[in-house]
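Before any comments, here is the structure.
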Amino acid sequence: MAYATTNPYTGEVVKEFDTATEEQIEQAITTAHEAFLKWKETTFEERAEILAAAASILRSKKRQYAEILTMEMGKVIGEAELEVELCAQMLDYYVKFGAEHLTPRYIRARGFNDTDVKLVPEPLGVLYAVEPWNFPFYQVIRISAPQLTAGNTIVLKHASNVPQSALAMVDLLHEAGAPEGLLVNVFASHDASEQILGDDRVRGVALTGSEKAGAAIAQIAAKNLKKSTLELGGADAFVVLADAEVEKAAKWAAFGRHWNAGQVCVSSKRIIVEDSVYDRFLEVYREEVKKLKMGDPMDSTTTLAPLSSQAALEVLQEQLRLAEAEGISMEEIELDMPATGAFHRPVILTDIPDDSKTSQIEFFGPVSSIYRARDEADAIRLANNTPFGLGGSVFSTDIDKAQRLARQIDTGMVFINQPTGAKADIPFGGVKRSGYGHELTDLGIKEFVNEKVIVVTDIDGDF
Ligand code: NAP
């Protein structure tokens, strides 16, 4: 059975689910479409009421929701609780600012036509959301909160290892008073994307996941003339300049690389440190990593979780074999490791040649790649030596300089003096092989609305 909850800590197969049939998928689209026809007629206040109720339910049952995350993909319970709170914040954001983002705008046609133009954001219809397992609730709410606010409805295909998280999000909306069909889950096979995107009632697709999945979905969307947004992988540069507060930067880097067991698209995966502070940085970084504690993710003292599955662990091991074959220096940090679970000890890679395959891949686990940069220009060159362009960081006490360097990194987001994060009120999106389009804030909501152009001519205007 393709969809199953397998606890990554114990290895126990907790629950299995059948893959959806063609008929079930047809029914799911029908349900979402019928819901859309009514939902698009609702007022912003009616939509906001449901979103606000969902936020409040999440907060009131934070632990209960968090336990689903920890059981299904192994993240430590404290991080799971933070994810639940982040979901509530994203819902709050659209309750507070959704109406403003959807208010029609007036512009004046200037230069050739002296005319009023009204831009009215209208929902498109049913959207297909394909989501990954690393933030099982956040990913669903990141697309649902803006798009339900806009008046769209969603058919969700979640990752096959987090089926109960998918169901929990559907139930959350029901409990919050949402009508049937706003968010419809399907345990769809990969092939079912042809059926879903081939259906005229489905008007677009948002995918978060790997490049391979993104390319497959974008191709099907293009063939059917549907809009797509892709939030794909990343190998974010974490640049530490000579004038940075080195100890603080090293602590942030160790955190930024190891939260969610290193399985974050915007983890600080490639740490680039200017020569004069490199040795000190590495010393503090290593000490910080040594403080991590592997263990039962339900235990609140655990700080390094198992990977999400045995399969994920095998991919990481294979990547490390590649690094070894390329002669890259590898230091495994000798933490105590539980006997069971998909754990991997932290590994620090150094002396990574620019032209190595290792320098070009995304490690989705606790593997840090640390580069020595000759100077600022070299740091930027190294930061851009990647096929990805999702996030990035620049650490410096000179904020103007940090901003100038941020502009030179070919990436979607740069955070100054902190690791790239996922925040409810900051847009999210990448370039290059990290995808295209945005989620969150007004940028996210506008991805799937028709900004209808209404040109207004006076009744007594010239013929
Ligand atoms: P993945 O294999 O691409 O899975 C993501 C989703 O795509 C899952 O629902 C998966 O379903 C589905 N999928 C995969 N191949 C498909 C296909 N050919 N047709 C239809 N659906 C398909 O991703 P992953 O490797 O598990 O997740 C980690 C990746 O996601 C990393 O690269 C990470 O950086 C990226 N990510 C990016 C962001 C972002 O916002 N940019 C956020 C989180 C993660 P199944 O589970 O059924 O295979």
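The values are calculated or read from the model by the stated rules, or taken from the named source; none is laboratory data. Note that the coordinates shown come from a computational prediction; the quantities given were computed from them, not determined experimentally. Glycine also receives a Cβ, built like all others from the backbone with ideal geometry; neighbour counts cover every protein chain displayed. For the accessible areas, the whole protein counts, side chains as well, though only heavy atoms, and no ligand, DNA or RNA atoms are used. Shrake-Rupley method; radii C 1.70, N 1.55, O 1.52, S 1.80 Å.
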Any chance GLN263 is within 16 Å of the ligand (Cβ to nearest atom), open to solvent by 10 Å² or more (accessible area, probe 1.4 Å) and either at negative phi or in contact (Cβ under 8 Å) with a residue 12 or more places away in the chain (or both): no
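Taking the options GLU334, GLU314, GLU324, name whichever one is out of contact with any Cys (no Cβ under 6 Å at 6 or more places or on another chain), farther than 17 Å from ALA261 by Cα and either open to solvent by 10 Å² or more (accessible area, probe 1.4 Å) or not assigned by TED's automatic domain parsing to the domain that holds ALA261 (or both). Break it down into steps so the answer makes sense when it comes.
Numbers: GLU334 fails: farther than 17 Å from ALA261 by Cα; GLU314 fails: farther than 17 Å from ALA261 by Cα.
Residue meeting the stated conditions: GLU324.
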Limited to region 221-241, what total is found for residues that are open to solvent by less than 20 Å² (accessible area, probe 1.4 Å), farther than 16 Å from GLU447 by Cβ and more than 13 Å from the chain's Cα centre (by Cα)? 7
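Taking region 356-371 only, how many residues are within 14 Å of the ligand (Cβ to nearest atom) and either open to solvent by less than 10 Å² (accessible area, probe 1.4 Å) or in a loop (DSSP other than H, G, I, E, B) (or both)?
At the first step, the residues of region 356-371 found to be within 14 Å of the ligand (Cβ to nearest atom) are 360-365, 367.
Add one more test, that the residue is either open to solvent by less than 10 Å² (accessible area, probe 1.4 Å) or in a loop (DSSP other than H, G, I, E, B) (or both), and what stays is 361-365, 367.
Of the residues in region 356-371, 6 are within 14 Å of the ligand (Cβ to nearest atom) and either open to solvent by less than 10 Å² (accessible area, probe 1.4 Å) or in a loop (DSSP other than H, G, I, E, B) (or both).
Kindly indicate whether VAL289 is farther than 19 Å from GLU83 by Cα, touching a residue at least 40 places away in the same chain (Cβ under 8 Å), open to solvent by 40 Å² or more (accessible area, probe 1.4 Å) and not in a loop (DSSP other than H, G, I, E, B).
Values: farther than 19 Å from GLU83 by Cα: yes; touching a residue at least 40 places away in the same chain (Cβ under 8 Å): yes; open to solvent by 40 Å² or more (accessible area, probe 1.4 Å): no; not in a loop (DSSP other than H, G, I, E, B): yes.
Considered against the rule, which asks whether it is farther than 19 Å from GLU83 by Cα, touching a residue at least 40 places away in the same chain (Cβ under 8 Å), open to solvent by 40 Å² or more (accessible area, probe 1.4 Å) and not in a loop (DSSP other than H, G, I, E, B), VAL289 comes out as no.
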I need every pair where a residue in region 54-74 that is on the phi > 0 side of the Ramachandran plot and not assigned by TED's automatic domain parsing to the domain that holds ASP299 has its Cβ under 8 Å from the Cβ of a residue that is open to solvent by 40 Å² or more (accessible area, probe 1.4 Å) and not in a helix (DSSP H, G or I), sequence separation at least 6 or different chains. GLY74/TYR9
Of the conditions (1) open to solvent by 10 Å² or more (accessible area, probe 1.4 Å); (2) without any contact (Cβ under 8 Å) to a residue 40 or more places away in the chain; (3) under 21 Å from the mean Cα position of the chain (by Cα), the single one that LEU156 does not satisfy is (1)
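Can you tell me which residues in region 311-343 are within 16 Å of the ligand (Cβ to nearest atom) and in contact with a strand residue (DSSP E or B) (Cβ under 8 Å, 6 or more places away or on another chain)?
Within region 311-343, the first condition is being within 16 Å of the ligand (Cβ to nearest atom), and the residues that meet it are 311-319, 342.
Once the filter is applied, which keeps residues that are within 16 Å of the ligand (Cβ to nearest atom) and in contact with a strand residue (DSSP E or B) (Cβ under 8 Å, 6 or more places away or on another chain), region 311-343 yields LEU316, GLN319.
Report, by residue number, each residue of region 133-157 that is in contact with a Pro (Cβ under 7 Å, 6 or more places away or on another chain), within 14 Å of the ligand (Cβ to nearest atom) and not polar (S, T, N, Q). Talk me through it step by step, then tell me what you get.
Residues of region 133-157 that are in contact with a Pro (Cβ under 7 Å, 6 or more places away or on another chain), as a first pass: 139, 150-152.
From what is left, the residues that are within 14 Å of the ligand (Cβ to nearest atom) are 139.
Within region 133-157, no residue meets the criteria.
Which count do you get for residues in region 159-208 that are part of a helix (DSSP H, G or I) and either touching a residue at least 60 places away in the same chain (Cβ under 8 Å) or within 11 Å of the ligand (Cβ to nearest atom) (or both)? Can you show your working first?
If we filter region 159-208 for residues that are part of a helix (DSSP H, G or I), which is where we start, we get 163-175, 192-198.
Retained after the next criterion (residues that are either touching a residue at least 60 places away in the same chain (Cβ under 8 Å) or within 11 Å of the ligand (Cβ to nearest atom) (or both)): 163-166, 168, 172-173, 175, 192-197.
Qualifying residue count for the region: 14.
Counting just the residues of region 182-192 that are among the small types (Gly, Ala, Ser) and surrounded by fewer than 23 Cβ atoms within 10 Å (Cβ to Cβ), which one comes out nearest to ILE154 (Cα to Cα)? Outline the logic, then answer.
Restricting attention to region 182-192, the residues satisfying the condition of being among the small types (Gly, Ala, Ser) are 188-189, 192.
Then keep just the ones that are surrounded by fewer than 23 Cβ atoms within 10 Å (Cβ to Cβ); that gives 189, 192.
Working: SER189: 17, ALA192: 15 Å.
Going through the qualifying residues, I end up with ALA192.
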If you scan region 119-132, which residues turn out to be more than 10 Å from the ligand (Cβ to nearest atom) and either under 11 Å from the mean Cα position of the chain (by Cα) or open to solvent by less than 10 Å² (accessible area, probe 1.4 Å) (or both)? GLY125, VAL126, LEU127
